[in-house]
1. Within the group ASN287, ASN260, ASN268, which residue is farther than 28 Å from GLY166 by Cβ and either modelled with pLDDT of 90 or more or of a type outside the set (Val, Ile, Thr) (or both)?
2. Which of the residues that make up region 119-128 are closer than 17 Å to THR190 by Cβ and not hydrophobic (A, V, I, L, M, F, W, C)?
3. Go through (1) of a type outside the set (A, V, I, L, M); (2) in contact (Cβ under 8 Å) with a residue 24 or more places away in the chain; (3) within 24 Å of LYS187 (Cα to Cα) and name the single condition GLY23 misses.
4. Given the criteria of a type outside the set (A, V, I, L, M, F, W, C) and either surrounded by fewer than 16 Cβ atoms within 10 Å (Cβ to Cβ) or modelled with pLDDT under 95 (or both), does SER73 qualify?
5. Going through region 290-317 one residue at a time, which ones are among the acidic types (Asp, Glu), over 20 Å from the mean Cα position of the chain (by Cα) and modelled with pLDDT of 85 or more?
6. Taking the criterion of being within 30 Å of VAL40 (Cβ to Cβ), over 14 Å from the mean Cα position of the chain (by Cα) and of a type in the set (A, V, I, L, M), would at least one residue in region 214-236 satisfy it?
7. Within region 1-20, can you find the residues that are hydrophobic (A, V, I, L, M, F, W, C), surrounded by 17 or more Cβ atoms within 10 Å (Cβ to Cβ) and either assigned to a loop (DSSP other than H, G, I, E, B) or free of Cβ contacts under 8 Å to residues at least 12 places away in the same chain (or both)?
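The values are calculated or read from the model by the stated rules, or taken from the named source; none is laboratory data. Since this is a predicted model, take the numbers as computed values, not measurements. Backbone-built Cβ (ideal geometry, glycine too); neighbour counts: all protein chains shown.
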Amino acid sequence: MSTDNIFKNIFNNKKVFVTGHTGFIGTWLSLWLKSLGSDVTGYSLESTTKPSLFEIVELEKEINHIHGDLTDSKKLSKSVEEINPDILFHLGAQALVRKSYLKPLETLNTNVIGTANVFDAIRNCESVKVAINMTSDKCYDNTFSKKPHIENDPMGGHDPYSVSKGASELITASYRNSFFHSEETCKIATARCGNVIGGGDWSDDRIIPDSVRALSKNEDVVIRNPNATRPWQHVLESISGILWLATRMFEDKGFDEAWNFGPDSYSNSISVEELVKLIIKLWGSENSIRIQDTSTQLYESELLMLDSTKSYERLNWKNTLSLNETLSKTIEWYKMHNEQNRNAKEFTIFQIKKYVELAQQRDLIWTK
């Protein structure tokens, strides 16, 4: 794909360090960065899912792959120092709510201490000019209000995962205020994205992978919280947000703060049950939905929404895809994988290319 003017060509020939590159979002990000001409290094443990998008697209052959734990501060610091990156994206995390109940200390160590280790490594590496910590919409203290969260809402969380993401945000702010407050130091920001969907996510207890697994076996789709409402967005939307944020941070003063990246809170917001009905239709199936007894289920908020007005107004960033386009691209990827009628890496890169072309047609700011 043509990279002319995309993100003002900032990423071409830049050394970019990505933590969590073996994960779903990290793999998409790494592939896109590679297509933008970046020299990409990934630092992560092995993928926790089977299948794994990282393995399916053979990302290890495309980038410099470092197998490492975020809690290993010495190895992490040494890796950052040896690479001397220009830009760092921190995506590495224990990202599952259910697992956080089963392994709370592991979750807190990875997401809290791991984040501190990342910024301590940057503190000792003068080459890094921009760093972005991608957290989650669950970092907020969700007070059950119907009002979408804005960036200065209190951090919090009901479960260990959510608390760890709130703490990750506070650690980032602490390091920024303590060590990264002059013009000569690295600029650091956080990006809060939620309900990211797209091809290649195989995580447990997520509605898209769970639906695809059931439909692939011609089974009914089982859902836990049919009325839970979220603003759903494609993985490339959140990535375009953090890439554009990094571009602005690299070029201009400011922007080193917290940002929400999400669709309009209402246009892309539907319930889990409505979402699954659309998935079944796109799959071309007549399977049914079965509601699971939730009396013994873990806590899950009925409503969690982000207000991305700040990103819309100050970054001039907005989503490219409608909800129908988001779901169509997502199901298209899984059907390709199921039918094995195309090379998965080529198809994933093809979807990035088509997304960029659509963004250009719709005159998105980062394509100019």
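1. Checking each option against the conditions leaves just ASN287.
2. Matches in region 119-128: ASP120, ARG123.
3. (3)
4. No.
5. Once the filter is applied, which keeps residues that are among the acidic types (Asp, Glu), over 20 Å from the mean Cα position of the chain (by Cα) and modelled with pLDDT of 85 or more, region 290-317 yields only GLU313.
6. No, the conditions are met nowhere in region 214-236.
7. Quick first cut of region 1-20, residues hydrophobic (A, V, I, L, M, F, W, C) only: 1, 6-7, 10-11, 16-18.
Pick out the ones that are also surrounded by 17 or more Cβ atoms within 10 Å (Cβ to Cβ) and you get 6-7, 10-11, 16-18.
Of everything in region 1-20, those that are hydrophobic (A, V, I, L, M, F, W, C), surrounded by 17 or more Cβ atoms within 10 Å (Cβ to Cβ) and either assigned to a loop (DSSP other than H, G, I, E, B) or free of Cβ contacts under 8 Å to residues at least 12 places away in the same chain (or both) turn out to be ILE10, PHE11.
Per-residue answers, yes or no, for (1) at pLDDT 95 or above; (2) not in a helix (DSSP H, G or I):
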position	(1), (2)
THR27	yes, no
LEU31	yes, no
LYS34	yes, no
GLY37	yes, yes
VAL40	yes, yes
TYR43	yes, yes
THR49	no, yes
PHE54	yes, no
GLU60	yes, no
